[in-house]
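Beneath this line is the structure, given in structure tokens, with notes to follow.
The values are calculated or read from the model by the stated rules, or taken from the named source; none is laboratory data. All values derive from a computational prediction rather than experimental measurement. A quick note on method: Cβ atoms are made from the backbone with ideal geometry, for glycine too, and the neighbour counts reach across all protein chains shown.
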Amino acid sequence: GTLVFDDGMTKADFDALIQCKQVDYARLYSIEDKITGRYVPKETPWTLQDAKYDFAFPSATQNEIDGTAATLLVKNGTKGVFEGANLPTTLEGQEALRKDPGCIYIPGKAANAGGVGVSGFEMSQNAQRLQWKPEEVDKKLQDMMANIYHQMIASSGEGGTLEEG
């Protein structure tokens, strides 16, 4: 199931969720009477028929957004899907998202490249016995992410949709 907060989460909602998952190790339905939102059984955030949100950040598991869920996201007006997990969107889901120029789709490899890149910078420093200043690491990271952005734009098709993954 999933929790839905139509009017956004309050600090009390957030605290109840943290207590539920990180302290009590309980199920989401157990806090329904403690939050301003509602619990919807047997659904994911991506399969809710009435979901209205601007952006989706699938960050939990692989294959959580399939073709049906992606089509529903687009139909409900989602403006962007930014992957935070490894392969959270199936091939059918990716194809559905890429077809719609009104929905930006950023694959996990691009969306998560910053952390991987900085790890690579750290390995490079260690191998060369160097120590870069934080500003230098930040500049390298910004350059790397700008390069990824430009590669994504260059590989975009008509209307900004990515033609190839």
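In the stretch 80-130, the qualifying residues are those that are surrounded by fewer than 17 Cβ atoms within 10 Å (Cβ to Cβ) and of a type in the set (S, T, N, Q), and the one that is modelled with the lowest pLDDT is Asn86. Residues that are among the aromatic types (Phe, Trp, Tyr), part of a helix (DSSP H, G or I), out of contact with any helix residue (DSSP H, G or I) (no Cβ under 7 Å at 6 or more places or on another chain) and without any contact (Cβ under 8 Å) to a residue 24 or more places away in the chain: does the stretch 14-25 have at least one? Checked the stretch 14-25: at least one residue is among the aromatic types (Phe, Trp, Tyr), part of a helix (DSSP H, G or I), out of contact with any helix residue (DSSP H, G or I) (no Cβ under 7 Å at 6 or more places or on another chain) and without any contact (Cβ under 8 Å) to a residue 24 or more places away in the chain.
Whenever a residue of the stretch 136-158 is on the phi < 0 side of the Ramachandran plot and β-branched (Val, Ile, Thr), it has no partner that is in a helix (DSSP H, G or I) and surrounded by fewer than 12 Cβ atoms within 10 Å (Cβ to Cβ) lying with C-beta atoms less than 8 angstrom away and at least six residues away or across chains. Just one of the listed residues (Thr47, Thr61, Thr68, Thr78) is within 30 Å of Ser156 (Cβ to Cβ), within 20 Å of the chain's Cα centre (by Cα) and not in a loop (DSSP other than H, G, I, E, B), namely Thr68. Among (1) of a type outside the set (A, V, I, L, M, F, W, C); (2) within 14 Å of the chain's Cα centre (by Cα); (3) surrounded by fewer than 14 Cβ atoms within 10 Å (Cβ to Cβ), there is one condition Pro41 misses while meeting the rest; what is its number? Only one criterion is unmet by Pro41, namely (2). Reported count of residues in the stretch 26-44, each being over 30 Å from Gly102 (Cβ atoms), outside any strand (DSSP E or B) and not charged (D, E, K, R), is 8. Could you check the stretch 97-131 and list, in sequence order, the residues that are touching a residue at least 24 places away in the same chain (Cβ under 8 Å), charged (D, E, K, R) and part of a loop (DSSP other than H, G, I, E, B)? Once the filter is applied, which keeps residues that are touching a residue at least 24 places away in the same chain (Cβ under 8 Å), charged (D, E, K, R) and part of a loop (DSSP other than H, G, I, E, B), the stretch 97-131 yields only Asp100.
Residue selection: Lys133 satisfies the criterion of being farther than 22 Å from Ile153 by Cα and surrounded by fewer than 18 Cβ atoms within 10 Å (Cβ to Cβ). Condition first: in contact with a strand residue (DSSP E or B) (Cβ under 8 Å, 6 or more places away or on another chain) and of a type outside the set (A, V, I, L, M). Can you find one or more residues in the stretch 134-145 that meet it? Scanning the stretch 134-145 turns up no residue that is in contact with a strand residue (DSSP E or B) (Cβ under 8 Å, 6 or more places away or on another chain) and of a type outside the set (A, V, I, L, M).
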